[in-house]
Each structure stands twice: as C-alpha cells, then as structure tokens.
Amino acid sequence: MGLAKGRRRIVIVVAALLVLAAIAVTVYRVLAPAEVSTVARADYPPAATPAVGVVGRLPVAPLIVDGRLRVYAGHRQVYADRPVDGRHRTTPFWSYRRWPAELDGVVASGTTVVSRWSDGRLVALDARTGRVAWRADGPEPVGDRRVRRTGAAVVWEPRGLLATRAADGREVVISSGDGTVRGFGLADGRQLWRAEVDPTCRDTVGATAAGRLVTVDACAGPAAVEFRDAGTGAVAGRWRPAGAGADLTVTPLGCRTGRVGCTALRTAGPGDGTGRGWLLGSGEPVAAPALDPANAELVGEQAVALVDGVLTGRSARTGAELWRRPELGSGRLIVVQLGRVHLLTEANDLVTLDSATGVQLSRFPLNVGSDGTGWTPGAVYADGRWVAVERLRRPVDPDGDDQRYFITAEPVILAAT
C-alpha cells in the first residue's frame, strides 16, 4: 500500500515537472528574442506610370522604394506592399519582424532598406526579395518621441539614422545614439568608423550633398556646427555664424527624404529674427539672404517662398527674382523636391510647379471617396512623382489620441503629380 502511494507521488511529481518544463519552453519561445523574415513569393513589380491625380488612401505612411514598392513601419515590423499605385494597402510583399525590440527608423537607398531598432541593431533588407542582406550593431537610440499610428516619424523623419553618399562616392549608413556615432557601408554593413560623442549636447541634423555629416555641438562652449566626413568620420571643420549667441538652432534645407543631400541650412538664435540662410559646399557656408525667411525653401538653385499669397522663386545666390505666381492665392507650401514645388491651397487643391520656371505641372483636389477636403495637412512626403499627406482633423489637437488627431482610419492620401 505504502509502495503504491510512493509510486503515485513520484508519478505526480514527474508529471508536474513535465508540465513546468512545457510551460518554460512555451514562455521561452514567446518571450525569447526572435526575428521572423517572410520573403517575397512573387516577382519584383515593375515601376508604375500613374495618371496624375489622387491614387488612394492608406492607414500608414509609405516610403516609396525604387519606384516599385511602398515600405511601411509597424511597432515591431517593417514591411512592403505593391503595386506602388495601389488604391489601398495590400497583403505584404515581404515582411521582417523582431521581438522584443521596437522599430525606431527606416531609410532606403536604391534597392536596400535599412531598419534601426530600439536595441541599436541595424538590419538591411533587399527590397527586391525582403531577404536580410546584413546585420550590424549600432548605438541605441536616445530620448523619447511620440510615434503615431501612421509611422510617419519612423519612415519620413527617422532620428539618428541616415543613408548618404560620402565624398568619395561610397554609400554610407550613419547611426548615432547612446555615446557613439558610427558609419557602416551600405553594401555590406561593415563598420567604417566610430566616434565617441556625448548625445546630451550634440544633435545630428543631416548630411550634405558634399558628403559631410552636419552636427550641432554645444559640448565645449557656445554651440557650433561641426562637419564630419561621412566616409571616414574625420572632423572636417567647425563653424559658427558671425555674431551668433550661445544657443544655435540649425535647420537643414534642400534635402532629400531622411535629411540627406542637403545643400543649405538656416541658423537661428536669440536676436536673429527668423534666422539666416546659408548655402553649403565643400568649404564654409556662404550667406544666402533669400533663405532667411522661416517659410523659405531651397529647390536646386531656387529659393522658394509664399508671402501674402504670392509664390516666388529667387536665385538663392543673388536673390534675383526668377518667377512669380500671384494668382495662386493663400495656401501653404507643404513640401519641395528637386525640380518640383508643392503648394496646398486653402481649398486643399494640390498645385505642383516646376521649381526653375514656376510653370504649373498639375493641379487637383486632394480628395478621395467621400472624405472631403475639410482637413489640415500633417506630415508630408514627396519622392519622384509621388506625394503623400497626413490628413488631420480640424481643429488640430496635438495632444489628442490618434482617433481625435487624424481625420479617418486611413488618414494618409497618396497622389501622383
């Protein structure tokens, strides 16, 4: 009798241990760091040639890659869909997910999509297949920021992550964060350089068309602009505008998406008014008063500004007026890109002009379905012929939740100009 009871106890203990082991395995599988890569099962899509006008609406902000795919940011996922001119978001063409890390930024160059994660990890994907091209360890992001459900801050304005071209022609990924700035080769992910920095008093603002990283450095005295070679990490020079105070705000101008390829900047500080514009090259910045106004943008060699309902293009170097469009009326200059200027009228018509001549290229209402035009633009993105705009509910409540902040569940409108 006692022997039978002893055996039963042993069986119960063994069964309990097996259950605990099974639970432990399950917990490990659920909670252990992991990545899931779902590669493309279809052919790489061709480039689209859309008709001018509204293409469709999307729940999330698209990054147009190679003119063929739309790449999106999720909380723990980066994924792509196609066709690029699809009216709605479709089943992912490919997807890459990590856990428990969170997606912090995405940049793209050619057919390479580089994602940065909350643990500092960089993962490059081949846009044609979704396969992992390389992985590298970079610095962890610093500071908190609010990322709304469209993910625009991750794909259109990534922090601490740049994909740029160095002065020697090499394509470089630059990641800045907790204690370091590091440069990696875009082709293979090999670390090219590393610089120790103090992130509490340094702010990377962009990269120039001449292959230099632009940083505002206030660590050793009054704030100054530091230029660093993007290919080697070597400091190429430091500069402060004449008469600048201890505080200095720097806004890059004439950039491509991701704050790269910048050809000018605007500096502002106490006593500067709206600020001062400067053209960038291989030497020190050159004063460009046409870029002084806070609403002035640089497109190629033209400084474009909308003042009192009149849109004008001026030579950024001389200030000479090149063209004038007084009949467009009140509106907002929402985004510029090489060769194109995009103006949103009060009635939410999207007007696209040639930046060199001011000639109108297209005009149409930014309206889809029965959504109407009673909204305010939020974040805006332009690439090639594509323009994407977040639509915000009026009046805009910057502290409201996403349902109150955006006009619909699909707040991003995509158009072809």
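The values are calculated or read from the model by the stated rules, or taken from the named source; none is laboratory data. Since the structure is predicted, the reported quantities are computational estimates derived from the model, not experimental observations. Quick reminder, even Gly has a Cβ in these numbers, built from the backbone with ideal geometry, and neighbours come from all protein chains shown. Quick note on the areas: whole protein, heavy atoms, side chains included, nothing else; ligands and nucleic acids left out. Shrake-Rupley method; radii C 1.70, N 1.55, O 1.52, S 1.80 Å.
Annotations for the structure displayed:
- Filter pass, residue 94 being touching a Phe, Trp or Tyr at 6+ places or on another chain (Cβ under 6 Å) and buried (at least 18 other Cβ atoms within 10 Å of the Cβ): no
- Residues (farther than 16 Å from residue 387 by Cβ, free of Cβ contacts under 8 Å to residues at least 60 places away in the same chain and open to solvent by less than 50 Å² (accessible area, probe 1.4 Å)) located in the range 33-69: 42, 45, 69
- Residue in the range 191-209 that is under 30 Å from residue 333 (Cβ atoms) and open to solvent by 60 Å² or more (accessible area, probe 1.4 Å) present: yes
To keep it simple, each residue is scored yes or no on (1) of a type in the set (Lys, Arg); (2) part of a strand (DSSP E or B); (3) in contact with a strand residue (DSSP E or B) (Cβ under 7 Å, 6 or more places away or on another chain).
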residue	(1), (2), (3)
267	no, yes, yes
270	no, no, no
277	no, yes, yes
281	no, no, no
284	no, no, yes
290	no, no, yes
294	no, no, no
298	no, yes, yes
303	no, yes, yes
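- Cβ-Cβ contacts under 9 Å between residues 6 or more apart (or on different chains), taken from a first residue in the range 311-340 that is without any contact (Cβ under 8 Å) to a residue 40 or more places away in the chain and part of a strand (DSSP E or B) to a second residue that is among the small types (Gly, Ala, Ser) and open to solvent by 40 Å² or more (accessible area, probe 1.4 Å), are listed as 314/320; 322/356; 323/356; 331/347.
- Selected residue [open to solvent by 40 Å² or more (accessible area, probe 1.4 Å) and either more than 30 Å from residue 410 (Cβ to Cβ) or in a loop (DSSP other than H, G, I, E, B) (or both)] from 146, 182: 146
- Pairs are defined by a Cβ separation below 7 Å, a sequence spacing of at least 6 or placement on different chains, a first member in the range 400-417 that is over 17 Å from residue 73 (Cβ atoms), and a second member that is β-branched (Val, Ile, Thr) and assigned to a loop (DSSP other than H, G, I, E, B); the pairs so defined are 413/368; 416/52; 417/52.
- Subset tally (residues that are assigned to a strand (DSSP E or B), touching a Ser or Thr at 6+ places or on another chain (Cβ under 7 Å), open to solvent by 10 Å² or more (accessible area, probe 1.4 Å) and not polar (S, T, N, Q)) for the range 150-179: 2
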